[in-house]
Amino acid sequence: MTIRCITFDLDDTLWDCAPVIEGAEHRFYHWLTEHYPRIPERFTPEALIEHRKDWFGRYPDLHHDMTRLRKRWLSVLARENGYDEALVEPGFRVFWEARNQVCLYDDVLDTLERLRGRYLLGSITNGNADVHHIGIGHYFDFSITAAGAGVAKPHPAIFTAALDEAGVAAHEALHVGDDPQRDVIGAARVGLRTLWVNPQDLPAPEGCRPDGVVRRVGEIPGWVEGWVRSEK
């Protein structure tokens, strides 16, 4: 009953996501003012974000692929304001580059360094963050995205895709994440061990029964070592 593979959620587990997305939206809006001014003349930054959220909300079937969803929205935004499809790719790239300029939590690199080589390490994300673009891809043996899997967490298929990639059984894998529903409950349903990163010490919602809880990513290696010893 040993752990051979550890998978990590990305957003809000290895970094704080909200300021990253806020900064990316600001960068995108500034880019629009320079290259497609009719759009910011019509929308304030806040109104443009609401326009995006409203449009995204109409297409829940695409929520597993945030890149495709955003590009489709950009296409609509361009047409509504008298521009052509030339806006889409560079507009997405501006946002995506900024979206991947994350500020890792202080203990992330040390944690990954301590775990690398001892366990297969993977990432499982519903978003379009890219560990290689961020600069931490060399710590991971594989990366699973919702877009690639065709479904988002907590769907079982995204976790089984990770197990297939790692070549391990479910009970040999530990999934680490901050979201009780998507990470803990979703992974547990497939049979993975689960570790909840819960920095605010929130009460577990109904149905959330992780194998362990930590408040910081830096606590993960110690927790894993203790759990492995207890299983021997």
*Which members of the stretch 132-180 meet the condition of being among the acidic types (Asp, Glu) and within 14 Å of the chain's Cα centre (by Cα)?*
Asp178, Asp179
*Tell me, yes or no, whether the stretch 1-16 has at least one residue that is assigned to a helix (DSSP H, G or I), out of contact with any Pro (no Cβ under 8 Å at 6 or more places or on another chain) and of a type outside the set (Val, Ile, Thr).*
no
*Those residues that are within 21 Å of Ala78 (Cα to Cα) and crowded, with 18+ Cβ neighbours inside 10 Å, I need them from the stretch 1-30; list them, please.*
Ala24, Glu25, Phe28, Tyr29
*Residue under evaluation Glu89, criteria (1) under 20 Å from the mean Cα position of the chain (by Cα); (2) surrounded by fewer than 19 Cβ atoms within 10 Å (Cβ to Cβ); (3) part of a helix (DSSP H, G or I), criterion not met*: (1)
*Has the stretch 63-73 got at least one residue that is open to solvent by less than 20 Å² (accessible area, probe 1.4 Å) and either touching a residue at least 60 places away in the same chain (Cβ under 8 Å) or out of contact with any Phe, Trp or Tyr (no Cβ under 7 Å at 6 or more places or on another chain) (or both)?*
no
_Take the residues in the stretch 179-227 that are charged (D, E, K, R) and surrounded by 21 or more Cβ atoms within 10 Å (Cβ to Cβ); name whichever of them is farthest from Ile124 (Cα to Cα)._
Arg193
*If a residue has to be open to solvent by 20 Å² or more (accessible area, probe 1.4 Å), on the phi < 0 side of the Ramachandran plot and not in a helix (DSSP H, G or I) to count, how many in the stretch 74-86 make the cut?*
2
*Please name all residue pairs, on different chains or six or more residues apart, with Cβ atoms under 7 Å, provided the first residue is in the stretch 196-207 and is within 21 Å of Asp16 (Cβ to Cβ) and the second residue is of a type outside the set (D, E, K, R) and open to solvent by 60 Å² or more (accessible area, probe 1.4 Å).*
Trp196/Val213; Asn198/Val213
*Sort through Asp16, Asp106, Asp65, Asp11 and tell me the only one that's modelled with pLDDT under 95, under 30 Å from Leu120 (Cα atoms) and under 20 Å from the mean Cα position of the chain (by Cα).*
Asp106
*Within the stretch 93-134, work out how many residues are open to solvent by 80 Å² or more (accessible area, probe 1.4 Å) and within 22 Å of Val151 (Cα to Cα).*
1
*Of all the residues that make up the stretch 201-232, how many are assigned to a loop (DSSP other than H, G, I, E, B) and of a type in the set (D, E, K, R)?*
7
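Residues are listed down the side, and each one gets a yes or a no for (1) more than 12 Å from Leu10 (Cβ to Cβ); (2) among the charged types (D, E, K, R); (3) in a loop (DSSP other than H, G, I, E, B); (4) free of Cβ contacts under 8 Å to residues at least 12 places away in the same chain:
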position	(1), (2), (3), (4)
Val102	no, no, yes, no
Leu120	yes, no, no, no
Ile144	no, no, no, no
Val151	yes, no, yes, no
Ile158	yes, no, no, no
His171	yes, no, no, no
*List, please: which pairs have Cβ atoms under 6 Å, are six or more places apart or on different chains, and start with a residue in the stretch 37-60 that is open to solvent by less than 40 Å² (accessible area, probe 1.4 Å) and end with one that is hydroxyl-bearing (Ser, Thr, Tyr)?*
Pro40/Thr33
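The values are calculated or read from the model by the stated rules, or taken from the named source; none is laboratory data. Note that the coordinates shown come from a computational prediction; the quantities given were computed from them, not determined experimentally. As a convention, Cβ positions derive from the backbone with ideal geometry for all residues, glycine included, and neighbour counts pool all protein chains shown. Keep in mind that these areas ignore ligands, DNA and RNA; they rest on the heavy atoms of the full protein, side chains included. Shrake-Rupley method; radii C 1.70, N 1.55, O 1.52, S 1.80 Å.
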